[in-house]
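The values are calculated or read from the model by the stated rules, or taken from the named source; none is laboratory data. Being a predicted model, the structure only gives us computed values, none of them experimental. Here the Cβ positions follow ideal geometry from the backbone for every residue, glycine too, while neighbour counts run over all protein chains shown. Heads up: the accessible areas ignore ligands, DNA and RNA and are worked out on the full protein's heavy atoms, side chains in. Shrake-Rupley method; radii C 1.70, N 1.55, O 1.52, S 1.80 Å.
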Amino acid sequence: MSSSPPPPALPGQPAVDPLANKAQAWSALFSEPMSALVQRYTASVGFDQRLWRADIAGSLAHAGMLAAQGVISAEDLASIQRGLAQISADIEAGRFEWKLELEDVHLNIEARLTALVGDAGKRLHTGRSRNDQVATDVRLWLRGEIDGLHGLLLDMQRALVELAAQHTDTVMPGYTHMQVAQPVSFAHHLLAYVEMFARDAERLADLRRRVNRLPLGAAALAGTSYPLDRQQVAHALGFEGLCQNSLDAVSDRDFALEFTAAASICMVHVSRLAEEIVLWMSQNFGFIDLADRYCTGSSIMPQKRNPDVAELARGKSGRVIGHLTALLVLMKGQPLTYNKDNQEDKEPLFDTVDTLAATLRIMAEMVGGTRDPKSGAWTGGITVKKAAMEAAAMRGYATATDLADYLVKKGLPFRDAHETVAHAVKLAIAQGKDRSALPLATLQGLNAHIGGDVFDVLTLRGSLNARNVLGGTAPAQVLAQVARHRTRLQA
Ligand code: ARG
């Protein structure tokens, strides 16, 4: 009976389970055991054990299909299911003994299964290779992680939208070339990041479709002679489609590249926001303050409160971009099909997921604030210093374009208006005052069309209100955007 435990090895004969004896030799072909250094060098179980859930799910689907196709018996399937359930419970409880000499997550689980259920365990690998198995596991695992990251990206967007909702009338300087350019609302500035994170979420959703294709059935590289029903396995595992070429199925990792590229872009967005938070908190800007719980002190300078979280988020973008480079270089020289090089895909991929998730989580919390578990009171992570933002916008001749637009409306060609305003700014700089503080007579000296109503457009709020175009910074537009995002982001 296939589900009975394996018979003991006879004296002088090799052990029955080749996996249990892998440390000695792969098969009868090998005449000496693997060197200890090689064993350590080639093993991946130290890191790929985190794929165990996907590995077991894949094995269950494969075994179910083998039984349905009559390749293994119903009894074998029952034994495999029982054994894998036991292994799941053991891993979950931290009782599973991972063995380096069994190289990776796949061989560890398979060897344990055989120890538990005997020959049925040895039949599980029928029509399968670790090559299509590992490709399936990584895709399954990554699909779950993408869903988690998608949720974190929604949280990040919600945090930014809610902070923005409070600041549609908070004016700050908008910059180009890091020079004060035109006034914008702080809300408008924050919503720029919401757009970026929304596209990041879109990218993840899009690439998820290509991650979600089933390699199993490709076997080692050429397909298999068993009558496998790949469609059934795909259905059982929730894959949207099948990899259509067995050589491609086992060898390409472009789904991992795509994911890491999308993660890198997202980390670049986070990094830009983090950089701005660092700048805004510096004494020279003084636009915001961060709650103490997101700052660290200095061991030598007692006055210091440092925005370490934002700095680290900025720094960690470097490692994710590094992982993308590592994976691209990993793939570029590999001839078809599977090569052991591919085992190196896991650590960069795992770390990309971990880094992005941790970074999004903490940045969303810092931007969105937290509820005190005891008092229930909401405390923001970021305190916005409205007066400082507004004062900075006042200092930089930020409404110069508005004066030019005013002159255009009075009939001047735009280029002439531009030149007139340049003279006004030059005059104001020479007199050491803001241009809006120049007396009407001085302005009229530059252009006779200028009237008393000019001061309406020279104010920051006048400037904001004037930009009432879709996508513009006028409070009416920004409020509409807040409403749109709120509807879009509803749970
Ligand atoms: N641990 C291996 C990996 O991650 C599993 C596949 C091994 N296949 C093989 N033919 N050696 O790629």
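Worth pointing out:
- Geometric extent, Cα atoms of the chain - Rg, Dmax (angstrom): 31.4, 112
- Taken one residue at a time, the phi angles of region 481-491 give Karplus couplings (6.51, -1.76, 1.60, θ = phi - 60°) of 5, 4, 5, 4, 5, 4, 5, 4, 9, 4, 5 Hz. Gly and Pro are set to x.
- The order of Leu214, Leu60 by accessible area, most exposed first and with a 1.4 Å probe, is Leu60, Leu214.
- DSSP-loop trypsin sites (Lys or Arg not before Pro) across region 65-101, with at most 12 other Cβ within 10 angstrom: Arg95
- Pairs beyond 31 Å (Cα-Cα), from Lys304/Lys346; Lys122/Lys332; Lys386/Lys426; Lys304/Lys426; Lys316/Lys340: Lys304/Lys346; Lys122/Lys332; Lys304/Lys426
- Excluding the site residues themselves, the longest part of the chain lacking any chymotrypsin sites (Phe, Trp or Tyr not before Pro) in a DSSP loop with at most 14 other Cβ atoms within 10 Å is 31-491.
- The HN-Hα couplings worked out from phi for region 268-283 by the Karplus form 6.51 cos²θ - 1.76 cosθ + 1.60 (θ = phi - 60°) are 5, 4, 4, 5, 5, 4, 4, 4, 5, 4, 4, 4, 4, 7, 5, 4 Hz, whole numbers, x standing for Gly and Pro.
- Residues whose amide H falls under 5 Å from that of Leu214, counting only those 5 or more places apart or on a different chain, are Gly241, Leu242, Cys243, with hydrogens built in the peptide plane.
- Note on the chain: with neighbouring protein chains present and a 1.4 Å probe, carbon and sulfur make up 56 percent of its accessible heavy-atom surface.
- Across Ser35, Ser298, Ser251, the residue with the most accessible area heads the list, and the full order at a 1.4 Å probe is Ser35, Ser298, Ser251.
- Relative contact order of region 87-193, defined on C-alpha pairs under 8 angstrom at six or more residues apart (%): 15 percent
- In degrees, nearest ten, helix 52-68 long axis to first principal axis of the chain (Cα): 50 degrees
- Gap separating the Cα centres of region 265-299 and region 300-358, nearest whole Å: 21 Å
- Amide H contacts of Arg467: Ala474, each under 5 Å away and 5 or more positions distant or on a separate chain (H built 1.01 Å from N in the peptide plane; Pro and chain starts excluded).
- Per-residue Karplus couplings for region 125-140, computed as 6.51 cos²θ - 1.76 cosθ + 1.60 with θ equal to phi - 60°, are listed in order as 7, 4, x, 9, 9, 5, 5, 7, 5, 5, 4, 5, 4, 5, 5, 4 Hz, Gly and Pro entered as x.
- If you sort Val71, Val233 by accessible surface, 1.4 Å probe, largest first, the order is Val71, Val233.
- Pairwise centroid distance, computed over Cα atoms, of region 173-192 with region 70-109, Å: 57 Å
- Shape category assigned to region 140-182 from the gyration tensor of Cα positions, a/c cut at 1.5: oblate
- For region 227-356, with +1 on Lys and Arg beta carbons and -1 on Asp and Glu, the positive-most of Ser282, Ser299, Thr260 along the dipole: Ser299
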